[in-house]
Amino acid sequence: MIHFADRVAAAVRAKRNAVCVGLDPRWESLPLELRQRRGDASLAAIASAYEEFCSRVLDIVAPLVPAVKPQSAFFEACGPEGMAAMQRLLCKARNHNLITILDGKRNDIASTASAYADAAFGGTRLAARTFPVWEADALTINPYLGRDAVEPFLESARRVGAGLFVLVRTSNPGAGQFQDLLVSPPASSSHSTDNSSPRPLYQYVGEAVGAWARENVGQCGLGDVGAVVGATYPAELVMLRKLLPETIFLVPGFGAQGGKAEDVASAFRPDGLGAIVNSSRGILFPFKPDDPSWETRIDEATRATIAALDTR
């Protein structure tokens, strides 16, 4: 079983870039011809259009990028047909040898966390059989419930050589409402470098993620637990890269959300590894819905994103 971080490193080296394409389909932004062929905007019709669109996106981007990130919310919103579509898209992405990051931002406690984790990775176990569900290479999770709630995800991911990306410093404008709260470390804190000065909460979360990553490090020097750190907060990105040398960063917020190439450069190690930069709307929807050349526009947008992030 190849370590998750080593698989990511190999994929990034093979494609010579670290771009991840977010699969965030939106009905009103889809090509008009896809929508018109559905007739009505029922949930089943929307799910069918999402699957066709994302399937064609996978065919376009697979030769170019190392990873894709389906956002489960858009598929869940279409009900059972949407979930089935996402399952087939994940399978197709794997067949294209793409790293698949399931963006669900899951967490809960005990058996509930285990159920989320098993569905994401190795499958649901019933009696003596295991039934595959999503079979993702990685899953995004929320750390708010603490280590005991993260543990089932760690166990399930490590059982099959998968990875986690933990929310640390998110890209949304309101991230600081809680993440910037100044917190004094407990007297028993063992990983704080300064046991007297309060620091933002996200730094404590980052330290915990770094410790989890160091529990299982691949040959590339990176662990199987990554951090979600937004491109829209470049100063924090610089600080966290120094704090977490063994941690892969999943960097959202590039492109449509305002993150620029110079903002994300500090997410990478000198060898070009250590980060995956996600672009969703900037790659998926660089066209007007009535543009018959929308596939060409997606190809061009993908190549432009790769070129913008090229630090060689």
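The values are calculated or read from the model by the stated rules, or taken from the named source; none is laboratory data. Treat the numbers as computed from the prediction; the structure is a model and nothing was measured. Because the Cβ atoms are built from the backbone with ideal geometry, glycine has one as well, and the counts that use them run over all protein chains shown.
Has segment 141-154 got at least one residue that is crowded, with 16+ Cβ neighbours inside 10 Å, closer than 17 Å to ALA213 by Cβ and of a type in the set (Asp, Glu)? Among the residues of segment 141-154, at least one is crowded, with 16+ Cβ neighbours inside 10 Å, closer than 17 Å to ALA213 by Cβ and of a type in the set (Asp, Glu), which makes the answer yes. Looking across segment 57-67, the residues that are surrounded by 15 or more Cβ atoms within 10 Å (Cβ to Cβ) and either part of a helix (DSSP H, G or I) or modelled with pLDDT under 95 (or both) come down to VAL57, LEU58, ILE60, VAL61. Only a single item in (1) among the acidic types (Asp, Glu); (2) in contact with a helix residue (DSSP H, G or I) (Cβ under 6 Å, 6 or more places away or on another chain); (3) in a loop (DSSP other than H, G, I, E, B) is not met by GLU51, and it is number (3). Could you tell me whether segment 154-161 includes any residue that is under 30 Å from LYS15 (Cα atoms), part of a loop (DSSP other than H, G, I, E, B), modelled with pLDDT of 95 or more and within 19 Å of the chain's Cα centre (by Cα)? Scanning segment 154-161 turns up at least one residue that is under 30 Å from LYS15 (Cα atoms), part of a loop (DSSP other than H, G, I, E, B), modelled with pLDDT of 95 or more and within 19 Å of the chain's Cα centre (by Cα).
Counting residues in segment 278-293 that are within 18 Å of the chain's Cα centre (by Cα), surrounded by 19 or more Cβ atoms within 10 Å (Cβ to Cβ) and farther than 24 Å from SER29 by Cβ gives zero.
ASP224 falls short on exactly one of the conditions (1) of a type outside the set (A, V, I, L, M, F, W, C); (2) closer than 16 Å to THR170 by Cα; (3) surrounded by 22 or more Cβ atoms within 10 Å (Cβ to Cβ), and that condition is (2). Restricting attention to segment 89-131, the residues being surrounded by fewer than 17 Cβ atoms within 10 Å (Cβ to Cβ), more than 18 Å from SER156 (Cβ to Cβ) and within 18 Å of the chain's Cα centre (by Cα) number 3. Does at least one position in segment 231-239 carry a residue that is outside any loop (DSSP other than H, G, I, E, B), within 13 Å of LEU273 (Cα to Cα) and not β-branched (Val, Ile, Thr)? No, the conditions are met nowhere in segment 231-239. Summed over segment 100-140, residues that are part of a strand (DSSP E or B) and either hydrophobic (A, V, I, L, M, F, W, C) or at positive phi (or both) total 7. For segment 68-81, the condition holds for at least one residue, the condition being that it is in contact (Cβ under 8 Å) with a residue 24 or more places away in the chain, farther than 26 Å from THR247 by Cβ and among the acidic types (Asp, Glu). Only one of the numbered conditions (1) closer than 18 Å to VAL65 by Cβ; (2) part of a loop (DSSP other than H, G, I, E, B); (3) at pLDDT 95 or above is violated by VAL277, and that is (2).
If you go through segment 37-47 one residue at a time, do you hit one that is under 18 Å from PRO252 (Cβ atoms) and either part of a helix (DSSP H, G or I) or within 14 Å of the chain's Cα centre (by Cα) (or both)? Within segment 37-47, not a single residue is under 18 Å from PRO252 (Cβ atoms) and either part of a helix (DSSP H, G or I) or within 14 Å of the chain's Cα centre (by Cα) (or both).
Is it the case that some residue within segment 87-99 is in contact (Cβ under 8 Å) with a residue 24 or more places away in the chain, in a strand (DSSP E or B) and of a type outside the set (Phe, Trp, Tyr)? Taking every residue of segment 87-99 in turn, at least one turns out to be in contact (Cβ under 8 Å) with a residue 24 or more places away in the chain, in a strand (DSSP E or B) and of a type outside the set (Phe, Trp, Tyr). All conditions in (1) over 15 Å from GLY161 (Cα atoms); (2) at pLDDT below 95 hold for MET86, with the sole exception of (2).
Scan GLY259, GLY253, GLY230, GLY226 and give me the residue that is closer than 21 Å to GLY104 by Cβ, out of contact with any Lys or Arg (no Cβ under 8 Å at 6 or more places or on another chain) and at pLDDT below 95. Don't jump to the end; show me each part of the working.
Details: GLY259 fails: closer than 21 Å to GLY104 by Cβ; GLY230 fails: out of contact with any Lys or Arg (no Cβ under 8 Å at 6 or more places or on another chain); GLY226 fails: at pLDDT below 95.
Only one candidate qualifies: GLY253.
Could you tell me whether segment 195-214 includes any residue that is in a strand (DSSP E or B), in contact with a strand residue (DSSP E or B) (Cβ under 8 Å, 6 or more places away or on another chain), among the basic types (Lys, Arg) and at pLDDT 90 or above? Yes, segment 195-214 contains at least one residue that is in a strand (DSSP E or B), in contact with a strand residue (DSSP E or B) (Cβ under 8 Å, 6 or more places away or on another chain), among the basic types (Lys, Arg) and at pLDDT 90 or above.
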